[in-house]
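The values are calculated or read from the model by the stated rules, or taken from the named source; none is laboratory data. Not measured: the values here are computed from a predicted model. So basically every Cβ, Gly included, is an ideal-geometry build from the backbone, and we count neighbours across all protein chains shown.
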Amino acid sequence: MKNIAVIGAGAMGNGIAHTFAQSGYKVQLIDVNKEALKKALKTISNNLDRLISKGRIEESLKSKTLSNISTFTNISDGVEYASLVIEAATENLDLKLKIFQDLDNSCPEDTILATNTSSISITQIASVTSRPKQVIGMHFMNPVPIMPLVEIISGYNTSKEVLSFINNLTEEIGKTPVIVNDYPGFVANRILIPMINEAIETLHSGVAGVSEIDTIMKLGMAHPMGPLELADFIGLDVCLSILEVMFNGYIKSKYAPNPLLVNMVQAGKYGIKSGEGFYNYANSGKAIVVASQFS
């Protein structure tokens, strides 16, 4: 297997493409938006420069990595020869189901179909294909080129052969695979996102401000990033989507999204990607507390 297709050129998609290309795989990066593909290639180039400056890779690896990536705006063209396709589109069930239907119709019969979903059922995604045994979850962590973990999620029908193969492939690209079962939020987000939601509840109820909450968790709990800053980094819309999946899946009040999170997403305040969330990133990307909204 040396031919990988990645669907979606956003932060996760370009990170996954970068990682496989750097490991010597030919990668077809697919997105309907040409500008998104251009931005993705620029991001990958900048991230490679950053790795070079830190001494993590040799300079010669940059050109090899970039030469391994080709871009497409049409799924059928990009997956024609793919042995593995990794979907990294927006965390939206209807969109993912449509993509997997298209992949099932366009890919060779033996192609493995993986999704980078952070919470949606692998079994449900697999159900719209004619190859549920070949559908699996590969939940990479952001930023993909740096973070070592990949949550490997086995759907109800995922074959043991596919599970073993993807586990070994993940190790081959220098990541650490951890196999989990297919339940809403899996492991990483079932634990992380309710913590973020509780931090938002703490802010919403007036216990403490944004910087105070984040400082306490960083200095007191040794978290590298406070939960509210992390929420901005993940995307508040993504956090909300994951909470909704877990709330609907488990029917437990502890997964109900805080009203402040709902209001912010409805107002278009998604965090870093929109320029504002719990912090303002408009000026040089530096995080400045948006205090007035929460006082």
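Is there any pair with a first residue in the stretch 44-55 that is assigned by TED's automatic domain parsing to the domain that holds A9 and over 11 Å from Q22 (Cα atoms) and a second that is basic (K, R) and in a helix (DSSP H, G or I) whose Cβ atoms are under 8 Å apart and which are 6 or more apart or on different chains, and what are they?
Listed by first residue and then by second, the contacts come to S45/K62; D49/K62; I52/K62.
So which of I30, I4 is aliphatic (A, V, I, L, M), touching a residue at least 60 places away in the same chain (Cβ under 8 Å) and under 14 Å from N116 (Cβ atoms)? Give the derivation first.
Details: I30 fails: touching a residue at least 60 places away in the same chain (Cβ under 8 Å).
Among I30, I4, only I4 is aliphatic (A, V, I, L, M), touching a residue at least 60 places away in the same chain (Cβ under 8 Å) and under 14 Å from N116 (Cβ atoms).
With the requirement that a residue be hydroxyl-bearing (S, T, Y) and in a helix (DSSP H, G or I), what does the stretch 254-271 give you?
Y255, the sole residue that qualifies.
Can you tell me which residue within the stretch 157-191, out of those that are out of contact with any Pro (no Cβ under 8 Å at 6 or more places or on another chain) and in a loop (DSSP other than H, G, I, E, B), is surrounded by the fewest Cβ atoms within 10 Å (Cβ to Cβ)?
Among them, the one singled out is V187.
Checking A21 against (1) touching a residue at least 60 places away in the same chain (Cβ under 8 Å); (2) farther than 30 Å from L240 by Cα; (3) of a type outside the set (S, T, N, Q), which test does it fail?
Checking A21 against (1) touching a residue at least 60 places away in the same chain (Cβ under 8 Å); (2) farther than 30 Å from L240 by Cα; (3) of a type outside the set (S, T, N, Q), the one that fails is (1).
For the stretch 238-253, name all the residues that are assigned to a helix (DSSP H, G or I) and either hydroxyl-bearing (S, T, Y) or surrounded by fewer than 20 Cβ atoms within 10 Å (Cβ to Cβ) (or both).
S241, E244, F247, N248, G249, Y250, S253
For residues in the stretch 58-106 being among the acidic types (D, E) and assigned to a helix (DSSP H, G or I), which is nearest to the chain's Cα centre (by Cα)?
It comes out as D94.
Could you give every pair whose Cβ atoms fall below 9 Å, whose first residue belongs to the stretch 87-99 and is more than 19 Å from I152 (Cα to Cα) and in the same structural domain as L236 (by TED's automatic domain parsing), and whose second residue is surrounded by fewer than 16 Cβ atoms within 10 Å (Cβ to Cβ) and of a type outside the set (S, T, Y), counting only separations of at least 6 or pairs across chains?
none
Considering V265, V245, which residue is modelled with pLDDT of 95 or more and either basic (K, R) or touching an Asp or Glu at 6+ places or on another chain (Cβ under 6 Å) (or both)?
V265
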